[in-house]
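Participant: Once you've had a glance at the structure underneath, I'll fire off some questions.
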Amino acid sequence: MSKKTTVNAGAIQKIITAAKQNNLIVVVGAGLSKGLTNGRFPSWKELIDNGLTYGVIKGLISESQAERWREHIASTDIDDLLGVAEFLGRKLGAPSDVVYARWLQELFSNTEISNTELGDAVRILSSHDIPICTLNYDHLLESLTGLSSVHISDPYREYRTP
């Protein structure tokens, strides 16, 4: 048995133990959504780039601003990425402006799950009452699990499978 297999087996056992003791929360992000859609879901960088284009179309961001900020998207420095995301959020009126909401709705409204194996794995986690947390803007988890979203203004509300 290789060292990698032994490490993975030990890690999996720790996950199983944590789940049985209700000490496990699964935190997922855009990678899960990308996996569930077999790569058709935008990465974080693609999402930001799309938002810059949307801002230009809506007349909220100039072409020259978009091009300057796109240089930051290509960076591997998280501060550059956060800077462009913050700029984009301000220009589109995040989190409550209708322009911001419409952009996200247009981007994610036709998102469908096509990776059934990964979808089944998420359903299994949910069926065992293992909490799943995401800050994604899509509704793929709700679609898979039948659970409702928890809004930040209602953090103490619990959601369980119907």
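Participant: Can you confirm whether Leu118 is within 19 Å of Leu144 (Cβ to Cβ) and either touching a residue at least 40 places away in the same chain (Cβ under 8 Å) or of a type in the set (Phe, Trp, Tyr) (or both)?
Facilitator: So Leu118 fits the description; yes.
Participant: Can you tell me which of (1) touching a Leu at 6+ places or on another chain (Cβ under 9 Å); (2) closer than 30 Å to Ser127 by Cβ; (3) surrounded by fewer than 17 Cβ atoms within 10 Å (Cβ to Cβ); (4) of a type in the set (Val, Ile, Thr) is the one Val28 doesn't meet?
Facilitator: Every condition holds for Val28 apart from (3).
Participant: A further question follows. Hey, could you check the stretch 10-47 for residues that are among the aliphatic types (A, V, I, L, M) and within 13 Å of the chain's Cα centre (by Cα) and say which is modelled with the lowest pLDDT?
Facilitator: In this case the residue turns out to be Ala30.
Participant: OK, next. Quick one: Glu142 ticks every box in (1) assigned to a helix (DSSP H, G or I); (2) at pLDDT below 90; (3) buried (at least 16 other Cβ atoms within 10 Å of the Cβ) bar one, so which box is it?
Facilitator: (3)
Participant: Which one of Ser96, Ser33, Ser64 is hydroxyl-bearing (Ser, Thr, Tyr), surrounded by 13 or more Cβ atoms within 10 Å (Cβ to Cβ) and outside the structural domain of His139 (by TED's automatic domain parsing)?
Facilitator: On inspection, the qualifying residue turns out to be Ser33.
The values are calculated or read from the model by the stated rules, or taken from the named source; none is laboratory data. As the structure is a computational prediction, the values presented were derived from the model and not from experiment. Here the Cβ is made from the backbone with ideal geometry for all residues, glycine too, and neighbour counts use every protein chain on show.
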